[in-house]
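Mind looking over this structure? Questions follow.
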Amino acid sequence: PDRTVVGRGVYGFALEDAVLMPGNASTDTYPLRRGMYFVAPAGARVQGGAGLLIVSHEHHPIFLLGGPVEQRGRLPYIDGCTDSLLLAPPLKGDPCFNHLHFPPRTLQTQHTHPSARVGAVIRGSGVCVFVSDTGRECRTALKPGVTFVIPAHAIHAFETQEETMDVVAWHPDSDFGPANDDR
């Protein structure tokens, strides 16, 4: 199917091969292979495939295309997990896109984030453990192709058994990056 999305910033991840046409009137096309990611500043049209598309109306990113995602992250993250920044924010506070790698037998510490997270499982399997609005602990199975939204301040953690799990996650506001007053 053909998907056209409009916004000042369209962030995407290819779970299957597709073709990207960034911008409203652009005739440029880019092959999206499984595991590739992008941000298009003036909307995008995606033909074929399957994946994750996130629209931001508040920011003006730079066009970037990358991937495929590596086998594990480059930076240490919670409880032995690793993280890589895939799409950096042009300015501090702008959205960013990360790859999180969870090794086998991960029992991540429950934690929260100050803003929502939107993501997709790209490899492996695991479980998301979260606390519902009623205070009850819930568990959701995760496998490739599953997309999710974690609301701001929601208590959550990820677990794996014998298999690794890899997730891409969009953050609507970064707490790092260049600022207008940097010299």
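The values are calculated or read from the model by the stated rules, or taken from the named source; none is laboratory data. In this text the structure is predicted, and so the values were computed from the model without any measurement. Using ideal geometry, Cβ is built from the backbone for each residue, glycine included, and neighbour counts are taken over all protein chains shown. All accessible areas refer to the heavy atoms of the entire protein, side chains included, with ligands and DNA or RNA removed. Shrake-Rupley method; radii C 1.70, N 1.55, O 1.52, S 1.80 Å.
Within region 151-183, work out how many residues are on the phi > 0 side of the Ramachandran plot and either out of contact with any His (no Cβ under 9 Å at 6 or more places or on another chain) or buried (at least 16 other Cβ atoms within 10 Å of the Cβ) (or both).
Adding up the residues that qualify gives 1.
Filter region 124-149 down to residues that are closer than 18 Å to residue 77 by Cα and aliphatic (A, V, I, L, M), then give me how many there are.
Final tally of qualifying residues: 2.
Quick check on my filter: what residues within region 49-65 are surrounded by fewer than 21 Cβ atoms within 10 Å (Cβ to Cβ), of a type outside the set (A, V, I, L, M) and more than 13 Å from residue 8 (Cα to Cα)?
Within region 49-65, 49 is the sole residue that qualifies.
In this structure, does residue 177 turn out to be modelled with pLDDT of 95 or more and outside any strand (DSSP E or B)?
In short, no.
I'd like to verify a number: residues in region 18-48 that are over 17 Å from the mean Cα position of the chain (by Cα) and surrounded by fewer than 20 Cβ atoms within 10 Å (Cβ to Cβ), how many?
Of the residues in that region, 16 qualify.
Oh, and also: From 63, 13, which residue is of a type outside the set (Gly, Ala, Ser) and at pLDDT 95 or above?
On inspection, the qualifying residue turns out to be 13.
Matching residues to (1) at pLDDT 95 or above; (2) among the hydroxyl-bearing types (Ser, Thr, Tyr); (3) within 18 Å of residue 174 (Cβ to Cβ); (4) assigned to a strand (DSSP E or B):
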| position | (1), (2), (3), (4) |
| --- | --- |
| 79 | yes, no, no, no |
| 85 | yes, no, yes, yes |
| 92 | no, no, yes, no |
| 109 | yes, yes, no, no |
| 121 | yes, no, no, yes |
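Right, something else. Is there a residue in region 127-141 that is open to solvent by 40 Å² or more (accessible area, probe 1.4 Å), in contact (Cβ under 8 Å) with a residue 24 or more places away in the chain, charged (D, E, K, R) and not in a loop (DSSP other than H, G, I, E, B)?
Residues of region 127-141 that are open to solvent by 40 Å² or more (accessible area, probe 1.4 Å), as a first pass: 130-131, 133-137, 139-141.
Retained after the next criterion (residues that are in contact (Cβ under 8 Å) with a residue 24 or more places away in the chain): 130-131.
Next cut, charged (D, E, K, R) only: none.
For region 127-141, residues open to solvent by 40 Å² or more (accessible area, probe 1.4 Å), in contact (Cβ under 8 Å) with a residue 24 or more places away in the chain, charged (D, E, K, R) and not in a loop (DSSP other than H, G, I, E, B): absent.
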